[in-house]
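Worksheet: one structure, shown below.
What follows is calculated from the coordinates using simple rules that are stated; it is not laboratory data. For clarity, every value in this text was computed on a predicted model and none was experimentally measured. Here the Cβ positions follow ideal geometry from the backbone for every residue, glycine too, while neighbour counts run over all protein chains shown.
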Amino acid sequence: MFETIAPNIHVLVSRSFDSNIGLIDGGKQKALIDTGTGMYHSFLEGSLLKVGVTIESITDILLTHSHIDHIGGVANIIREASPKVHLHKAEADLINAGDMRLTLADTFGAEVPRMKIEGVLQEGSMISIGNIKIDVLHTPGHSSGSVCYHIKEKGIVFTGDTMFSGGSFGRVDFPTGNPREIVESLKRLSELDDFNTALPGHMAPVRVSATRSALSSYQMARNWFNVDI
């Protein structure tokens, strides 16, 4: 079931391998933040209906990165709707060229169909979902194209697999993962203004003092990887 984090902003916290899924309801525009693996599409559909949203009404999908547990659900959604899919250029360009290796589908014995990424993002890109403005922060480390989505006016950041609750952070042992980059990205999050709530790609949301939680993740990663930044 989707939890309401702020007016028009909701999150479905996964209890499985799937990523968490965010929902931004901008009225005529509605966006999902990540889509899970797609294995639980009917559950997603039912959860959306409980907050008054249909799959057909989804206009945008904002991916934090292209690993299968975040991108796998896109295929089911585009069978029922015509959303614009957004992803950072470092991973979008590969997918648009038909190269799906960074989805890690082969690693998990699965398949992610080819798709078109229309919203090719870079650092500093801005996305509007209705009246809700979203700043794109390029936060590599977990993967080369990892991003966070910052809604400044609400103090909310969708942190993907860069930062988790409890001082934890994303793994860096998949292709294009980089220990130094994730430490740099966590440091950046810890220095953000207007960051009270973190909505990570897995685990529970950080509902208060997210900057402090980001600082804990940064310090933990810096010590774990012995990176002095």
Report summary line: Going through region 1-52 in order, the residues found to be part of a strand (DSSP E or B) and among the hydroxyl-bearing types (Ser, Thr, Tyr) are THR4
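One line per residue, one yes/no per condition, for (1) within 19 Å of PHE174 (Cβ to Cβ); (2) surrounded by 18 or more Cβ atoms within 10 Å (Cβ to Cβ); (3) over 13 Å from the mean Cα position of the chain (by Cα):
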| residue | (1), (2), (3) |
| --- | --- |
| THR4 | no, no, yes |
| LYS50 | no, no, yes |
| LEU63 | yes, yes, no |
| ASP93 | yes, no, yes |
Requested in this report: Give the residue, chosen from SER125, SER144, SER82, that is under 20 Å from GLY38 (Cβ atoms) and among the hydroxyl-bearing types (Ser, Thr, Tyr).
Outcome: SER82
Query raised in the report: Restricting to region 23-48, what's the tally of residues that are among the basic types (Lys, Arg) and either free of Cβ contacts under 8 Å to residues at least 40 places away in the same chain or buried (at least 19 other Cβ atoms within 10 Å of the Cβ) (or both)?
Result: 1
Query raised in the report: Among the residues of region 173-229, how many are of a type outside the set (Phe, Trp, Tyr), surrounded by 16 or more Cβ atoms within 10 Å (Cβ to Cβ) and either touching a Cys at 6+ places or on another chain (Cβ under 7 Å) or in a helix (DSSP H, G or I) (or both)?
Result: 22
Report summary line: Within region 111-121, the count of residues that are surrounded by 13 or more Cβ atoms within 10 Å (Cβ to Cβ) and in contact with a strand residue (DSSP E or B) (Cβ under 9 Å, 6 or more places away or on another chain) comes to 6
**Report entry** Residue under evaluation SER144, criteria (1) surrounded by fewer than 21 Cβ atoms within 10 Å (Cβ to Cβ); (2) hydroxyl-bearing (Ser, Thr, Tyr); (3) not in a loop (DSSP other than H, G, I, E, B), criterion not met
**Finding:** (3)
Query raised in the report: From VAL136, VAL183, VAL172, which residue is in contact with a strand residue (DSSP E or B) (Cβ under 8 Å, 6 or more places away or on another chain), under 19 Å from PRO200 (Cβ atoms) and aliphatic (A, V, I, L, M)?
Result: VAL136
